[in-house]
Amino acid sequence: MDAVRDAGVAEEHIYVDKRTGANMDRAGLRALLGFARPGDRINVPPWTGWAGTCARP
């Protein structure tokens, strides 16, 4: 998380979930998807385990 903050990401734009990625009904994910707009870039750190399952452009 320090690396994300050090990269200049504002605290209000960091979304975190403590539940498994198998459950898509997560507060952090809902908040992120509610904030994101078409054309936005969502960076998922590789250590999350979710990065490998994300759709790639």
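The values are calculated or read from the model by the stated rules, or taken from the named source; none is laboratory data. The shown structure was predicted, so the numbers you read here are calculated from the model rather than taken from an experiment. With ideal geometry, Cβ positions are generated from the backbone for all residues, glycine too; neighbour counts draw on all protein chains shown. The accessibility values were calculated without ligands, DNA or RNA, using every heavy atom of the protein model including side chains. Shrake-Rupley method; radii C 1.70, N 1.55, O 1.52, S 1.80 Å.
In square angstrom, rounded to the nearest 10, how much accessible surface does ASP2 have for a 1.4 Å probe?
So the heavy atoms of ASP2 present about 110 Å² to solvent.
Points 7 angstrom from Cα along the Cβ direction at MET24 and ALA3: gap in nanometres?
About 2.8 nm, to one decimal.
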